[in-house]
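This report refers to the structure that appears directly beneath it.
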Amino acid sequence: MSSDKLGLSVQSILAECGISDKFTDKTAEFLHYIMQANQTLNLMSRKLTADDILTDHIRDCLIGAKFFTDYNNIADLGTGGGFPGILLSIVYPDKHFDLYDKSVRKCEYLQNAKRDLRLNNIDIHNGLIAEADICSDVITCRAFKPIQEIVDMTKKYFSRGGRYILYKGRMETISEELTLLQKRHKADSTIVPLDNLNDKQRNIVLLHKKD
C-alpha cells in the first residue's frame, strides 16, 4: 500500500471513529512501526496485510476511544503490541497511559515504540499484573483474559471502586463471563455494542464494583 493510500485509509478510519484527522500521520507511523517489529516479535499474525491491521486492530481499538473521554490516567493490561494503549495515547496526547505486559521482549518493543514514536504520555511496566499497584482512573484491555480473571488479578483496584472499560467479542461469551464474575464479586456492568464489521461481534463492557 502506498503512503498516500495508507494515509487516506487511516484518515477514513479516524473520521468513522469521530477522531480528528490531525492524528493521521502518527497513526500511520505506528502501523508501519508495528508491521516492521512483527517480523521478529510475532505480535500478531504475520499473514495480516496493512488493510487487515487497519480494520481488525486499529479500527477495533479506536471505535471505542470515545469511552475514555472522562478519564485522565488509563491502564492497559496485557497490551502486547500496543492495542489499545498506544493507539489511545496517540489520539489522547493529554492523557497518561500505563501499559502492562509480562513479556520482557514485548516491553522492550514498547519502550522502543515510546522513544521512536515520541509518545511521552506512556509508561511501560513489566511483570505480573496481580503484583502491580494500579492507581489509574480506569483499566482497559483487549483480547486479554476472561472478565472474572481480570477482576481477580486486580482485586485491590476493584475493591477501591476502580472502573473498567473492556474490549470484548461475542455477546454469548460476555454473558458467560459476567455470570462467573458475579459468583466471586458484586459488580455493576453495562454492555455497549460497537459497530460490527465482517460479521465479527464487538462490544465494550463497562464495569465497576456494586455500591
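The values are calculated or read from the model by the stated rules, or taken from the named source; none is laboratory data. Given the structure is predicted, the values throughout are model-derived calculations rather than measurements. Cβ coordinates were reconstructed from backbone atoms using ideal geometry, including for glycine residues, and neighbour counts include every protein chain displayed.
Summary of computed values
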read-out	value
Test result for I165, under 21 Å from I74 (Cβ atoms) and in contact (Cβ under 8 Å) with a residue 24 or more places away in the chain	yes
Any hit, the range 70-87, residues being among the hydroxyl-bearing types (S, T, Y) and under 14 Å from the mean Cα position of the chain (by Cα)	yes
Only listed residue being more than 16 Å from the chain's Cα centre (by Cα) and either among the charged types (D, E, K, R) or within 25 Å of L99 (Cα to Cα) (or both), chosen from S175, S189, S136	S189
Pairs, first farther than 20 Å from I13 by Cα in the range 39-67, second hydroxyl-bearing (S, T, Y) and at pLDDT 90 or above, C-beta under 7 Å, six or more apart	L41/Y109
Residues of the range 105-122 that turn out to be surrounded by 13 or more Cβ atoms within 10 Å (Cβ to Cβ) and closer than 21 Å to A65 by Cα, as a count	7
Any hit, the range 140-147, residues being closer than 27 Å to A37 by Cα, in contact with a helix residue (DSSP H, G or I) (Cβ under 7 Å, 6 or more places away or on another chain) and polar (S, T, N, Q)	no
Test: K102 is under 25 Å from N203 (Cα atoms) and surrounded by fewer than 18 Cβ atoms within 10 Å (Cβ to Cβ)	no
Y33 being touching a residue at least 40 places away in the same chain (Cβ under 8 Å), in contact with an Asp or Glu (Cβ under 9 Å, 6 or more places away or on another chain) and over 28 Å from I150 (Cα atoms)	yes
Flag for S9 being at pLDDT below 95, touching a Leu at 6+ places or on another chain (Cβ under 6 Å) and over 21 Å from I204 (Cα atoms)	yes
Those residues of the range 145-158 which are closer than 21 Å to D60 by Cβ and in a loop (DSSP other than H, G, I, E, B), in sequence order	K145, P146
Among residues of the range 99-119, those that are out of contact with any helix residue (DSSP H, G or I) (no Cβ under 8 Å at 6 or more places or on another chain) and under 23 Å from L14 (Cα atoms), counted	2
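Residue-wise test of (1) modelled with pLDDT of 95 or more; (2) hydrophobic (A, V, I, L, M, F, W, C).
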site	(1), (2)
S2	no, no
T27	yes, no
I34	no, yes
R46	no, no
T49	no, no
D60	no, no
K66	yes, no
D70	yes, no
G80	no, no
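For (1) within 26 Å of C107 (Cα to Cα); (2) crowded, with 19+ Cβ neighbours inside 10 Å; (3) acidic (D, E), each residue gets a yes or a no:
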residue	(1), (2), (3)
F30	yes, yes, no
M44	yes, no, no
D51	yes, no, yes
C61	yes, yes, no
G82	yes, yes, no
Y92	yes, yes, no
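Yes/no per residue for (1) more than 26 Å from P93 (Cα to Cα); (2) touching a residue at least 24 places away in the same chain (Cβ under 8 Å):
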residue	(1), (2)
D133	no, no
V138	no, yes
F144	no, yes
Q148	yes, yes
K156	yes, no
G169	yes, yes
L180	yes, yes
